[in-house]
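A short write-up of the structure that comes next.
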Amino acid sequence: MWIGVVKEERMTSRCTKQELGLVTFALVMGMWLRFAHSDRLAVEHFDEGVYASSLWYDAIFDDAYPMRHLYAPPLLPTLISFCGAIPGCEAIAPFLPSMVLGAATLLIVWWMSRRMFGQAAGLFTAFVAAFSDFHALFSRMALTDVPVLCFICLSVMLGVEGIAARSTRRMAAGGVVCGLAWWTKYSGWLPVAILVSGTAFWWLMAKFRKRTVLSPVELLRLNAVFVVVAVVVWSPWLWMLQDEGGYAAVSANHAGYLQGLAGWQNRLANHLTYYLSLEGWFGAAAIGIGVLAAGSRRWIELRRFTWNREADGQPASSSRFPSTELLQRTAVASIAMFVVGVTIGPVAILLCVALGGLLGRFLWPVTVELFDRAQSGDRSPVVCDGAGFTPADFGSAAAIDPLLSSSVVLAWFTGMLVTTPMYAPYPRLSLPLLASIWLAAGAGIAWWIEGVLNVDRRGGKVAASRTAQLLRRATMLGVGFAIGLTVLNGLQLNASRVWGRRTSLRDAAWQLGTTVLADADGTLQLPAPELPLDEDGMIVPWAESNAEGTDGDVPTVWDKVAEPQPVDTPLADMSRPEVGIYVMGEPALLKHLNSAGLIATPVQNVDVPAFSLKGRPLPTYLVLGPHAISQEEVFDNWAAINVRFEHVTDVHFVVSDIVLYNLFSPRWISQQPEARVQKFELYRLRGSREAPAGDGVAGR
């Protein structure tokens, strides 16, 4: 009867209104970061152009963009096409799937952390994920990485729930979501590796600790359900790939990105640099807020329970528990972690907390003890005359065995840490690693909070040694000194780049379209090139004239960047084509040219024929961008047939850092700042401008 009452109290306090209020605030702020200022977004990344081609290429050519199946399965392009059909969403259609699924990821990782490690972990993870600049940046891009991360997290969580509950249905549900992840990105099978390796490690650890777990046959059966369902859901796409060379063609393409262990440490350093460069003060502030929210919420709930017992005339567990000093310690830790996060970067401090927390959970399993007590209803104090456990503790405990949760997160973290730097160091590839760091750091914070609570339960039974007191004072002095340095150097805090403009390539595309139309009707007037001259009248070398921060009247490459363009009204009517444009290696440019009402099509080589209209040639143009110019085979081909073309002009644009990191290493970019400015080279097919134009549809 007594245990039944405890369990009833625990159920009513499982997730309080105050906790839900904090989580809601974090989610709203996270959505604000991801959805606000959508007018500053435009398709820019190469892969963004490929996925967004479903908005224009599929309808025009009644087929998928060339080789799109090599980049990803069709789920994201399909979602983008669906969003484009929603009235009023045409402008943000490429980004809407990532925005929505990115916001959903915040709710999922809170739920994961809450169920796996308890209330404190959930609150901390909710704030850290919501305010993550890195995740928010990619949530505002038309890429597969944020959507697939959403499905990966949900799939792993359903799998963990299925193992904990011995539920075949939940394992099957997790397999279905894993299949959706696989339909989003070819790495969508990651939940299979995470769950199988994590649960195997958990089974071994449980046997070593003599904890009661399911039999190996049952564990194998549940994991088999998960794997089989995931493969069945994904298999239709595998079958459809047979017309494109099968999965072997996809694997051969991916092999070009696999670089192995050689240079592993350099690529890991690149990923850390990406985090340091792209994370702003939002991330550091979230760590401090998360610690304060998690620690103070636990303290307030315990304190309220004590007050309620005293008000009802019942003896409190302990007049000293929870102590005011505990709340003070939480506030100091919050400030300290914010300061350290500002100093060394949010991800660096999260990584330290994650490593410490994962190791600590196995060495000193205080959260496992709390979970066991919550399951049994054991309120007995840790030591004689100490404070016992309360329904507030049980309501804050993990719902799943923390040993199982820690094993799965450890497998996730170590697997991603080892394998991510084995591939080409694209920043977006580290998003699954970042999610594991969130969860592991949440586990670490929960472990620390429950640990200091357990110490506080002992009351006067554990006196602080003189060494501990000196260490505490030294820590306080260090935190104060760090805060002072932060205040003095406050202007050097990384500003958030979440809402930075990514429209320069779109502006260049519209300027390019305007130039093509003017050249086609013979009205184009380009300014004479100005040679950069020094004070003696000598030509300044290109490298010097394009250096960032050049003073005086010397023109620089930054001065050539396309001005912002009005993009509300198309430049031409696609049903009445006036020109035809070939573009090589720039799917993002193609998207914007077609949005401007121009007929533009991708090509795989520069030996192109003239566009025709009802049998008559149209003025035909060719655009070469950074991706084409950098290919050696294109250069060789161009050298052989460039006499067929006449150079018209170059149009320059600025590449955002998040895209630039896909092209060059951070170190090289820091040494070559002018690399941020790229150009499109515009050529006209000789003799094509004299062709008359008329009604009809252009063909190749």
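Which one of 677, 605, 687 is farthest out on the positive end of the charge dipole of the range 560-700, using unit charges on Cβ (Lys, Arg +1; Asp, Glu -1) and the Cα centre as origin? Ranked along the dipole, the leading option is 687.
What list do you get for 684, 502, 329 if you sort them by fewest beta carbons within 10 Å?
Working: 684 20, 502 24, 329 17.
With the sparsest Cβ surroundings first, the list reads 329, 684, 502.
The packing ranking, built from the mean of other Cβ atoms within 10 Å per residue, places the peptides 35-46, 70-81 in the order 70-81, 35-46, highest first.
Put in line by how crowded their Cβ is, counting other Cβ atoms within 10 Å and starting with the fewest, 578, 633, 48, 681 read 633, 681, 578, 48. Mind jotting down the distance between the C-alpha centroids of the range 557-578 and the range 135-150, whole Å? Distance between centres, Cα-based: 28 Å. Around the amide H of residue 423, modelled in the peptide plane, lie the amide H atoms of 259, all under 5 Å away and 5 or more residues distant in sequence or on another chain.
Does the range 194-300 come out rounded, prolate or oblate, given a ≥ b ≥ c as the square roots of the eigenvalues of its C-alpha gyration tensor, rounded meaning a/c under 1.5 and, failing that, prolate meaning a/b above b/c? Walk me through the intermediate numbers first.
Details: a/c = 2.07, a/b = 1.15, b/c = 1.80.
It comes out oblate by the Cα gyration axes.
Looking at the range 575-670, which chymotrypsin sites (Phe, Trp or Tyr not before Pro) are in a loop (DSSP not H, G, I, E or B) and have at most 16 other Cβ atoms within 10 Å? Of the chymotrypsin sites (Phe, Trp or Tyr not before Pro), the ones in loops of the range 575-670 whose Cβ has at most 16 other Cβ atoms within 10 Å are 664. For the range 69-198, what does the alpha-carbon gyration tensor say about shape, rounded, prolate or oblate, given a ≥ b ≥ c as the root eigenvalues, a/c under 1.5 as rounded, and a/b over b/c as prolate? In terms of gyration-tensor shape, oblate. When Rg and the Kirkwood Rh are both derived from Cα coordinates, the Rg/Rh ratio for the range 551-606 amounts to 1.12.
For a Förster distance of 51 Å, can you work out the FRET efficiency between the beta-carbons of residue 70 and residue 325, rounded to the nearest 0.05? It would help to have the intermediate numbers written out before the result.
Numbers: r = 60 Å, r/R0 = 1.17.
The pair residue 70/residue 325 has a calculated efficiency of 0.30.
Listed peptides 163-172, 140-149, 243-252 appear in the order 140-149, 163-172, 243-252 once ranked by packing, highest mean of other Cβ atoms within 10 Å at the front.
Which of 157, 31 has the fewest other C-beta atoms within 10 Å, and how do the rest follow up to the most?
Details: 157 25, 31 19.
Going from sparsest to densest Cβ surroundings: 31, 157.
If R0 is 35 Å, the Cβ-Cβ spacing of residue 258 and residue 637 corresponds to a FRET efficiency of close to 0.80.
Quick note: the coordinates plus some simple rules give every number you see, no bench work behind them. For clarity, every value in this text was computed on a predicted model and none was experimentally measured. We place every Cβ from the backbone using ideal geometry, glycine too, and count neighbours over all the protein chains shown.
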